[in-house]
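Read-outs: derived from the displayed coordinates by stated rules, not from any lab. Not measured: the values here are computed from a predicted model. Glycine gets a Cβ as well: all are built from the backbone with ideal geometry, and neighbour counts include every protein chain shown.
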């Protein structure tokens, strides 16, 4: 029987790192978003409904016939060579050359963040991340008691000039960060992509300061327009850049398959860490990828996903322009899964979520993407996981509650701001340097006339 | 053997806490030898209850629907005995504005407050009264939704400039909000079981300036002291005030009353909770244990009280 005295006894046994593994009001609110009647723009889910079931059957059939015993057995910690060959193909599609020995197959990309942090971070060590950063990385960094320093972004991704200032400041304080964590393409949650000059500069900075960079690239192949800038890994040649890849967004998150490329000495430690964590990645999942690559044209499926997501992104951008008040700003991602919306600073998006849930719609409050309490007036919207009708309706409902709060604030302050009475002029502002106003282009312009 | 339906979850913002309370109650009921049927409350609630036909419903729900009299009303219609307070007490207790007015009328000290509906601001120009209110209450002012049971939506406004945003936040949870005088002091909770006050629990937040939502349900964020170490007579006085409030609102079986022991030595009642949390870190189970009542006994007593109250 559990009594509070037992709880106290357990509490004394908890590692100090659990003190920072905390639940939050937001997480409790998120429990309601899972209800079926809620239109959730909160998840980061790819749409797995278009995956052809007969391909799945053929893959399973092939494994049953050709490698049943192997699929049911343990495998090497670093992963199967067959799977690594598939990974090499995926990376080649983004202009990177890797040999099988350069990489380790992992249990999803998330495990890479965990293993890299485990390998490099002692309690109190500094990790540099973008602000906002991937909400799922936050608990990983916290659980290793890393101190996370977030560097602001603009429409061109992480502000590398600010990164350098931050590094200088840390150096003056006698602190040396261990690595920079970045999602350079279609960033989660901001949706922005790091420009080529910034990428080059980031790699230069890493070399000059002997600083590792973890390039997290789950969405690179989900590009809806424009040409891809080179991955950091290809610019660096694998000296200071570690690379995280995953099959989650191009095939399935359910198979839990990712990978990491890192300089050999780092990779060796990561491998030992992986062995301790789970011995090996699911052999069955690895063979499924191999069979899938042999059974079908994986790039065709990625292409079909791209078509679906592009239309959903456009629908969301149109709906935002139609339903959000002029005080709101948002990013216009060229790929990936997310749009980041910044609201006036008197709106707290965690409270707004509580209000939105009454209308059966959900999003991720921006505070989840910061460790320092910022982002309270921002939200992350996902467009990949919902159908266009649901996106339109969901954005309409959120827009309504935002408008309601903007009006109420106006009433309370006596400002009575006129909400959506006219289209404001489209002002081009290339400087967009405030992370909380990402980016400062005319967010009001519909995508058709967007920059 | 009694057939007990445990009602939990639902659409309340405290769904997660309720699921945890419910799971713990289910385990206890099973250990007590009851037949337990867990229900995550949704559209099919009535249908499921008719199908299950329980001897008694254990309401392990917090916040909207569970604590505000809604589910109690439905159970009355279905003639199913249920745990805890009846409809009227739930309605009174969850409406903080109503509860505080009742307290004032009955002479129970509660922090000074002003309450407004959203329409008062939108249609009656209530914003023009804010400066007068701010002057009367002093900063920081606590702004909170009238009906939210947990600490969600509670904001501290440290200056006049912070009041509008705090109001917007509070209105996210309810169409009525309170602006309340902030009492600087110690957080006390008095749980009551079958008309008897249990030992006082003091919640001591670790680090944070405010006993926030997270701290309420997390081990290691708040330190709970039970029985609270209070000056002579204060424990008895707090228990008396709590019992008075509990009776005033018409609560029955069990409940929890939250108080402040001000730096000025005065006790004030903040609110009453007809269905306080029953999780590992909740205050009622801690207080019961300090009184020598185990969690299983507590759950058993609550079920007995529900059956006793039920018309034969």
List A:296, B:191 from most exposed to least, where exposure is judged by having the fewest other Cβ atoms within 10 Å.
A:296, B:191
Against the longest principal axis of chain B, how steep is helix B:15-31, in degrees 0 to 90 to the nearest 10, with axes from Cα atoms?
30 degrees
Quick check on chain B: helices-only [θ] at 222 nm, where DSSP H runs of length 4 and up contribute -39,500 (n - 2.57) each and the sum goes over total residues. Nearest 500, please.
-11500 deg cm²/dmol
Rounded to 10°, Cα long-axis angle of helix A:349-358 versus longest principal axis of chain A
80 degrees
Against the rule of thumb 2.2 N^0.38 Å, how large the Cα Rg of chain B comes out:
0.99
Sorted largest first, extent of the protein assembly as shown alpha carbons per principal axis (Å):
78, 64, 53
If you build a Gaussian network model of chain B, linking Cα atoms that sit under 10 Å apart, which residue out of B:128, B:55, B:27 swings the most?
B:128
Tilt of helix A:53-66 relative to the longest C-alpha principal axis of chain A, in degrees (0 to 90, nearest 10)?
20 degrees
Rounded to 5, percent antiparallel among DSSP beta bridges of chain B
75 percent
Per q in 0.09, 0.16, 0.23 Å⁻¹, report the Debye log10 I(q)/I(0) for region B:1-128, using one uniform scatterer on each alpha carbon and no solvent.
-0.35, -0.83, -1.29
Here, residue A:50 and residue A:390, labelled 7 Å along Cα→Cβ, have an inter-label distance in nm of 1.5 nm
Using 1/(1 + (r/R0)^6) with R0 = 41 angstrom and r between the beta carbons of residue B:291 and residue B:44, what's the FRET efficiency to the nearest 0.05?
0.60
How much of the pair distance distribution for region B:70-169 lies past 18 Å, counting alpha-carbon pairs only, in percent?
59 percent
Before rounding to the nearest 500, sum -39500 (n - 2.57) across all DSSP H runs of length at least 4 in chain A and divide by the residue total; then give [θ] at 222 nm in deg cm²/dmol.
-13500 deg cm²/dmol
Separation of region B:106-143 and region A:370-392 by C-alpha centroid, Å?
34 Å
Inter-probe distance in nm under a simple model that places probes 7 Å from Cα toward Cβ, at residue B:106 and residue B:184
3.1 nm
Could you tell me the ratio Rg/Rh of region A:74-295? Both radii from Cα atoms, Rh via Kirkwood.
0.95
Residue separation times 0.36 nm, minus the C-alpha to C-alpha distance between residue A:171 and residue A:74: what's the value?
30.4 nm
Looking only at other chains, what is the average number of their beta-carbon atoms within 10 angstrom of each beta-carbon in A:346-355?
6
GNM, chain B, Cα, under 10 Å: largest mean-square fluctuation among B:256, B:50, B:301?
B:50
Region B:113-181: relative contact order from alpha carbon pairs under 8 Å, six or more residues apart, as a whole percent, is 44 percent
Obtain the nm distance between the two label points defined at residue A:60 and residue A:227 by a simple spin-label model: each point lies 7 Å from its Cα along the Cα-to-C-beta direction.
4.4 nm
Kirkwood hydrodynamic radius for chain A: how many Å is it when counted over pairs of different Cα atoms?
23.1 Å
Calculate the length of the line joining the C-alpha centroid of region B:232-252 to that of region A:59-112, in whole Å.
66 Å
For residue B:237 and residue A:164, what is the calculated FRET efficiency with R₀ set at 60 Å and r taken between the beta-carbons, to the nearest 0.05?
0.45
Between residue B:266 and residue B:73, how high is the FRET efficiency from 1/(1 + (r/R0)^6) when r is the Cβ-Cβ distance and R₀ = 45 Å? Nearest 0.05.
0.75
I'd like the per residue volume of the convex hull spanned by the Cα atoms of region B:113-181, given in cubic angstrom.
69 Å³
